[in-house]
Amino acid sequence: MDIDSNLFKHKVSSVGPSYDPYVSICTLEDLSTVDVNRGGGPLYYRKNTATISYSSIKEALEGKVDVVEELQILLDAYNKAYGSFIGDDVLQMEESNV
């Protein structure tokens, strides 16, 4: 199993796709059980992007640490379950100034 770029788990809202809230970074189980398609009645689906809003700088800094830690947990679980990473696998995060 490969880790694809759809690592962000969203909950389906009744209002529409643009209102589907980000829930968490996917777990290994989510990667194999949660679909990338929103249609068909799922409660959750995976996307390759997430919008996370915070009400303060302190909350944003703490939230960023949480996301990085969740990504590291996923990579560690993958590594433990599926063997060693190949050579130069690196975790990279992009930040946007929105």
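The values are calculated or read from the model by the stated rules, or taken from the named source; none is laboratory data. For clarity, every value in this text was computed on a predicted model and none was experimentally measured. Neighbour counts run over all protein chains shown; Cβ positions are idealised from the backbone, glycine included.
General remarks:
- Filtered by the rule that a residue be at pLDDT 90 or above and within 16 Å of LEU7 (Cβ to Cβ), the stretch 39-65 gives TYR44, TYR45, ARG46, LYS47, ASN48, THR49, ALA50.
- Applying the criterion of being touching a Ser or Thr at 6+ places or on another chain (Cβ under 9 Å) and assigned to a loop (DSSP other than H, G, I, E, B) to the residues of the stretch 12-26, the residue that is farthest from LEU71 (Cα to Cα) is ASP20.
- For the stretch 66-98, a residue qualifies if it is at pLDDT 75 or above and either farther than 18 Å from THR27 by Cα or of a type in the set (Val, Ile, Thr) (or both), and the qualifying residues are VAL67, VAL68, ILE73.
- Members of the stretch 14-60 that are under 18 Å from LEU75 (Cα atoms) and either exposed (fewer than 10 other Cβ atoms within 10 Å of the Cβ) or touching a residue at least 60 places away in the same chain (Cβ under 8 Å) (or both): GLU29, SER32
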